[in-house]
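Asker: Below are the structure tokens for one structure; questions will follow.
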Amino acid sequence: MAPTPLQPTDLLHYLPQHRVLICKECHYAIQPSAVSRHLKELHRIYRSNRREFLKFAGELDLADPKDVALPGPNEDPVHFLTTTSGLACEASGCDHLCATVKRMKMHWAAEHTAVVAYDSQWRQVELQTFFRGNQLRYFIVSRSSEALTQAEEHSEVNSEAINNGMGIPNPSAQCNTLLTTAEDLRLLQHFQTSTCLEIGYNETSRQVWHIDVPELAAKHPFLKHGILACSALHLAFLQPAERQQYQLIAAHHQNMALPEFRIKIENPNTDNALALLAFTQLLLIHCFAADQHDDDLLLVKGKDDLGFPLWLKVIRGSCQIFQKVWPNIECVPFKALLIGGVERGLQDRVLEKSVHDERLRSLMGMMKSSIAKTAAVYQTSPLPSALFILVRAYATAEAAQARGSYSLWVAVNTWPVQVGEDFLLLLKEREPTALVLLAYYCLLFKPLERNWYTNGYSRRLLSRIHNQLDEEWRPWLQWPIEEIGLPNESH
């Protein structure tokens with residue numbers, strides 16, 4: 001049997017938030033102008049086999065090295081990049097980073113000549129860089145032994161597969177027994193080496209998606225199909241030329257998963273609760289990822305479609321559905337999937353001095369003065385309650401971001417899941433004030449823009465809301481439009 005051809009995503013990993021293409025085997029980003037040379041000289045991929053790689057890279061939005069936005073200080077290490085111990089200059093206003101004491105002393109001699117350099121004038125840090133050579137630019141990452149171990153494991157497994165000529169690592173052994181085609185096998189491998197890194201919000205949750213969820217799928221076919229559908233949608237994003245093909249594959253697996261899922265969700269138990277929880281989150285990602293290629297958007301679908309998305313129905317009832325099996329979820333690693341939106345304590349936390357508090361209070365005043373324009377009476381209207389929940393959602397989002405646990409699961413749990421049915425009915429009816437609240441909710445997606453499945457979502461949703469409002473209501477959207485940066489031609 002001939003070995004499976006090496007695919008572009010087996011060797012290359014694209015980070016849309018930084019617009020860089022990382023070589024998984026070499027552990028650094030490839031300069032856009034050097035992709036062909038890198039593949040030929042370092043990986044011995046010659047012309048006929050190299051075309052597919054160059055086509056893949058050519059369809060990506062790759063930044064010039066000098067224009068690449070570096071991660072913020074002390075974020076988790078970037079997967080597939082080498083992490084090295086280094087030094088950060090402690091001089092006031094100086095952000096110089098380097099790898100050795102010798103280079104740091106040279107920096108002090110050149111830049112801080114009036115001060116003698118001592119060890120106390122720099123500190124040890126963990127560094128990464130996207131590029132090497134004359135484009136080397138270090139950035140500081142948090143020290144996480146778990147993160148480094150996992151990244152190294154991914155790299156070692158991937159390198160071993162490439163060296164064996166297979167181009168793909170072995171998937172979870174248990175889940176592998178359920179795979180019936182070579183395409184299914186490849187989708188699972190892509191999920192475990194790439195997709196899982198993109199959907200987890202920290203190293204613990206990524207580990208759950210990488211190991212625990214695929215192993216759980218061995219017992220629950222609906223979860224297996226959910227994994228394969230999510231992987232296919234990720235590949236549709238990464239490979240625009242084959243987008244339609246992967247979308248069809250994703251739709252096939254989702255259609256295979258949903259009937260069994262609908263039956264199981266009616267009666268969760270200790271045996272299937274974790275699988276249902278994992279699939280619910282994959283369903284959420286699937287809905288948002290598929291929405292990128294659909295004219296229908298969250299809660300503001302076409303006028304003839306008065307239904308709500310399946311994910312909203314499922315997640316709105318999740319707290320009740322899972323209540324009797326909650327202890328089984330909270331005492332296992334799967335709790336990492338829930339942190340933020342449904343974690344006890346954080347959900348009800350309100351920060352009195354939220355950075356958005358003044359804007360939201362202004363919105364309250366505008367609502368009170370304009371409520372007469374609607375059929376509802378202010379005291380009995382669902383709008384004030386929905387606004388209060390939105391204030392709390394902003395506070396919860398800020399708290400989750402501060403602790404590094406903000407995710408799509410948090411964003412949807414803090415508002416659309418919490419508002420009452422009567423408010424959702426107002427959205428169905430295109431009630432202007434309800435649409436304005438939804439526009440303000442768009443801002444909670446701004447921190448998620450770097451995710452492949454929510455990329456551009458807040459702008460598209462805000463633009464749709466703007467177009468559905470009459471001219472007299474559009475000034476209410478000024479702040480969300482400015483915050484999100486909606487182009488003038490979009491509204």
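Asker: Quick check: residue separation of Ile211 and His252 times 0.36 nm, minus the Cα distance between them. What number comes out in nm? Don't skip to the answer; put the middle values down first.
Answerer: On the way: separation 41, 0.36 × 41 = 14.76 nm, distance 2.40 nm.
Length difference between fully extended and current span is 12.4 nm.
Asker: Using a Förster distance of 51 Å, how high is the FRET efficiency between Glu429 and Asp64, based on the Cβ-Cβ distance and rounded to 0.05? Please report the intermediate quantities before stating the final value.
Answerer: Details: r = 48 Å, r/R0 = 0.95.
Between Glu429 and Asp64 the formula returns 0.60.
Asker: Taking the beta-carbon count within 10 Å as an exposure proxy, list Ser92, Ser205, Ser231 from fewest neighbours to most.
Answerer: On the way: Ser92 6, Ser205 23, Ser231 26.
Sorted ascending by nearby Cβ count, the order is Ser92, Ser205, Ser231.
Asker: What is the Cα coordinate range of the range 50-144 on the first, second and third principal axes, sorted by size from largest, in whole angstrom?
Answerer: In descending order, the Cα extents are 55, 29, 21 Å.
Asker: Rg to Rh for the range 84-129: what is it, with Cα atoms only and Rh by Kirkwood? Present the calculation step by step, with values, prior to reporting the outcome.
Answerer: Details: Rg = 9.8 Å, Rh = 10.6 Å.
We get a ratio of 0.93 for the range 84-129.
Asker: So if R0 is 22 Å, what FRET efficiency would Glu260 and Glu421 give, r being the distance between their Cβ atoms, rounded to the nearest 0.05? Before the final figure, lay out the partial values.
Answerer: On the way: r = 27 Å, r/R0 = 1.25.
The calculated FRET efficiency here is 0.20.
Asker: In whole angstrom, and with the biggest value first, how far do the Cα coordinates of the range 8-69 range along each principal axis?
Answerer: Over the range 8-69, Cα extents along the principal axes are 33, 21, 19 Å.
Asker: Using a Förster distance of 30 angstrom, determine the FRET efficiency expected from the C-beta separation of Gln17 and Gln135, and round it to 0.05.
Answerer: On the way: r = 19 Å, r/R0 = 0.62.
In this case the efficiency is close to 0.95.
Asker: Moving to a separate point now. Using only alpha carbon positions, build the gyration tensor of the range 404-482, then give the equivalent ellipsoid semi-axes as the square roots of 5 times its eigenvalues, largest first, whole angstrom. Mind dumping the intermediate values first?
Answerer: Details: eigenvalues 94, 54, 18 Å².
With the √(5λ) rule applied to the range 404-482, the semi-axes are 22, 16, 10 Å.
Read the figures in this text as sums done on the coordinates, not as results from a lab. This structure is a prediction, so every number in the text was calculated from the model and none was measured. Don't worry about glycine lacking a Cβ; one is built from the backbone with ideal geometry, like all the others, and counts go over all protein chains shown.
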